[in-house]
1. Do you know which residues across the stretch 329-344 are farther than 18 Å from GLY114 by Cβ and either without any contact (Cβ under 8 Å) to a residue 12 or more places away in the chain or aromatic (Phe, Trp, Tyr) (or both)?
2. Could you run through the stretch 40-62 and say how many residues are free of Cβ contacts under 8 Å to residues at least 24 places away in the same chain, assigned to a loop (DSSP other than H, G, I, E, B) and surrounded by fewer than 13 Cβ atoms within 10 Å (Cβ to Cβ)?
3. I need the full set of residues from the stretch 64-86 which are more than 16 Å from the chain's Cα centre (by Cα), surrounded by fewer than 19 Cβ atoms within 10 Å (Cβ to Cβ) and either within 19 Å of GLU43 (Cβ to Cβ) or hydroxyl-bearing (Ser, Thr, Tyr) (or both), in order please.
4. Here is a list: GLN162, GLN193, GLN147. Which entry is crowded, with 16+ Cβ neighbours inside 10 Å, under 25 Å from VAL382 (Cβ atoms), in contact with a Ser or Thr (Cβ under 9 Å, 6 or more places away or on another chain) and of a type in the set (S, T, N, Q)?
5. Is there a residue being in contact with a helix residue (DSSP H, G or I) (Cβ under 7 Å, 6 or more places away or on another chain), hydrophobic (A, V, I, L, M, F, W, C) and in contact (Cβ under 8 Å) with a residue 40 or more places away in the chain anywhere in the stretch 194-215?
6. Would you point out which residue out of LEU164, LEU218, LEU154 is in contact (Cβ under 8 Å) with a residue 60 or more places away in the chain and closer than 21 Å to GLU258 by Cβ?
7. Just name the residue that is nearest to the chain's Cα centre (by Cα) out of those in the stretch 91-116 that are closer than 20 Å to GLU135 by Cα and surrounded by 20 or more Cβ atoms within 10 Å (Cβ to Cβ).
8. Go over the candidates ARG223, ARG136, ARG170, ARG142 one by one and state the one that is farther than 22 Å from LYS21 by Cα and not hydrophobic (A, V, I, L, M, F, W, C).
Amino acid sequence: MASTAQANLKGSARLGSYLKKLRTGYGYSLRGVEERARADGGEIDNSQLSRYEKGICYPSFDKLRVLANVFNVSIQSFSDVVDLETLENIKPALGAPEDLIEEGVAALKSGDHGAAFALFERSIEILEEEPPDAERLAMIGRARVNQAAALARLGKLALAEQELRNALRRAETLEPRLRTRALLALANIHADQGDGFLAEMEADKAHTLATESGLDRLAAMARHIAARVLGELGQSMAAIERYRESAQLYAACGEQFEAIRVRMNIGSHYVKLGKLREGIRMLREALNEAREGGHRRLEAYAWSKIGQSYYTLEDLRRARSCFRESDALAIYNGEKQSDILFLNSFYEWQIAARDNNPTREKIAFGRLKVLRSSLERRFPEVDQFDDYVERGRNHA
């Protein structure tokens, strides 16, 4: 965050616009924000906030912390907003909103998440220039849900959650399919952030709505998320049962990508249950399917999971080889799959420590620190790393 501020000392127009939207969304005046901040034990002058909103100057970290508290958002969301400023130059100046949304959907499917975000954002800007009617509100809702998907894949989970909540505030304008997708996306984000209770509740709502509306693919996704939450709670057998339910539904819908991902998760749970050989066999089968289908992220994820399995078997040479394969696949289209790269670095760090190799250990730890700063998703390896860093601070 500090480096972004230093590189942009004159302020950020995008951050300014974001701050103004937050303030007006809460119905606060500039003075009202100052008073609210003071009531919460913070200090921010209304004239300072005015300059931030105009993009004249950039807030210090302390001021951002105060604003995050006032507007009930994460500090990371401010950093993410500034990061997205680099996409301004690819945003189309003109275009019919419906055409921009379709182009955005195509970009999302092709893996060009930055272009997808820019197209969805521009469509929303154009739609909001005119008085709202039922058709415009429905298109805005569709654009927001898809924009949230692009943000999530760019690793901007806090911003994705905000877009989804904005869309669901007008749930009556969303068709059942879109409303179900929004609930599922929220469930995924909360699962990523380690809030299993909220994720399970949203997945159940989505499953009910999908079943009532005859949306089998979305019902499969709801079961998929429920399985994930059960797995993260350590209930592997229950998770496998839910995964198999979702796999059957995916297969019936012809969803190859998701079916492969589910089979990877089943293989991972076999490993957790101590059925290592069977688990690795299933993961390798899923890896081959991912490669044949051209699913690069899934291929990278499969190599990482196989590497973790070999780590469990204490075959460290094979584990390292798998992590290298995964790393090579986890960077494409100018985007880093930070969650996969973090997992690979975490186990490289563990292997280096076991090998008593301080140089490799230091390099891996450095990578983990860099990746952790841009990672919002929570999983056990993230928690272990955070605990290690916190213990180090306490002993400093």
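FYI, it's all coordinate maths here, none of it is from the lab. Since the model is a prediction, treat every value here as computed from it, not as a measurement. Counting neighbours? That spans all protein chains shown, and the Cβs are built from the backbone with ideal geometry, glycine included.
1. PHE342
2. 2
3. Listed by number, the residues that qualify are ARG65, ALA68, ASN69, ASN72, THR86.
4. The match here is GLN162.
5. If we filter the stretch 194-215 for residues that are in contact with a helix residue (DSSP H, G or I) (Cβ under 7 Å, 6 or more places away or on another chain), which is where we start, we get 196, 198-200, 202-203, 205-207, 209-211, 213, 215.
Filter again for hydrophobic (A, V, I, L, M, F, W, C), leaving 198-199, 203, 206, 209-210, 215.
Then drop every residue that is not in contact (Cβ under 8 Å) with a residue 40 or more places away in the chain, which leaves none.
No - not one qualifying residue is present in the stretch 194-215.
6. Values: LEU164 fails: in contact (Cβ under 8 Å) with a residue 60 or more places away in the chain; LEU218 fails: in contact (Cβ under 8 Å) with a residue 60 or more places away in the chain.
The unique qualifying residue is LEU154.
7. Of all residues in the stretch 91-116, those closer than 20 Å to GLU135 by Cα come to 94-105.
Within this subset, residues satisfying the condition of being surrounded by 20 or more Cβ atoms within 10 Å (Cβ to Cβ) are 97, 100-101, 104.
Numbers: PRO97: 25, LEU100: 23, ILE101: 21, GLY104: 18 Å.
This residue is GLY104.
8. Values: ARG136 fails: farther than 22 Å from LYS21 by Cα; ARG170 fails: farther than 22 Å from LYS21 by Cα; ARG142 fails: farther than 22 Å from LYS21 by Cα.
Just a single option satisfies the conditions, and that option is ARG223.
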